[in-house]
Amino acid sequence: MKNIHQAIETISICKTKKILPIVCIKFFLVDGFGPDWIIEFINLLLKNFNKRDFKILVDCRKNYGLFINLVQQKIDFLQVNADPNTLSRLNNIANKNKVIVNPKISIINLANIKNIESKIQKIYKV
């Protein structure tokens, strides 16, 4: 997503089509703005939608401190790069807080798409 307006538009379209959108936040955004920015982003979305209308996925790469901070904030999905031993420990932390780690999902970048609704219709054939 390029901005909050595009996120709101995408979630609105997906809500009418009965699709659960997952808003992906890339690592460089979180690294630059900090984890508090994600909370404010979610709060802005919650002014227009319910919590069950969308999910959030954040890429943490190898920043385990960020990962633990976001688990405490109960972000829906977290993507993390780790060796198997560390990943096992991080999974234990996430499971206690009902957070899903490294989900197997396909990501569709809608950042440069002008007609989001037609793109979603083509992908899901709704």
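What follows is calculated from the coordinates using simple rules that are stated; it is not laboratory data. The structure presented is a predicted model; accordingly, all values stated were derived computationally and were not measured. Cβ coordinates were reconstructed from backbone atoms using ideal geometry, including for glycine residues, and neighbour counts include every protein chain displayed.
The table below gives the values:
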item: Amide N of region 53-71 lying under 17 Å from the label point, which is placed 7 angstrom from the Cα of ALA111 along Cα→Cβ; result: 57-61
item: Peptides 59-72, 80-93 ordered by average Cβ neighbours within 10 Å, highest first; result: 59-72, 80-93
item: Derived scalar couplings ³J(HN,Hα) [region 75-87; Karplus, 6.51 cos²θ - 1.76 cosθ + 1.60; whole Hz; x for Gly, Pro]; result: 5, 4, 10, 10, 9, 9, 9, 7, 6, x, 5, 5, 4
item: Extended-chain gain in nm, criterion 0.36 nm per residue less alpha-carbon gap, LYS18 and GLU40; result: 5.4 nm
item: Residue (of ALA82, ILE108, ASN92) at the positive-pole extreme of the chain, dipole from beta-carbon charges; result: ILE108
item: Extension gain from LYS74 to LYS51, taking 0.36 nm per residue of separation minus the Cα-Cα distance; result: 7.1 nm
item: Gained length - LYS125 relative to SER88, 0.36 nm times residue gap less alpha-carbon distance; result: 9.6 nm
item: Relative intensity, log₁₀ I(q)/I(0), of region 1-54 from a Debye sum that treats every alpha carbon as a point, q = 0.23 Å⁻¹; result: -0.90
item: Calculated SAXS-style log₁₀ I(q)/I(0) at q = 0.10, 0.17 Å⁻¹ - region 4-124, Debye, Cα scatterers; result: -0.32, -0.89
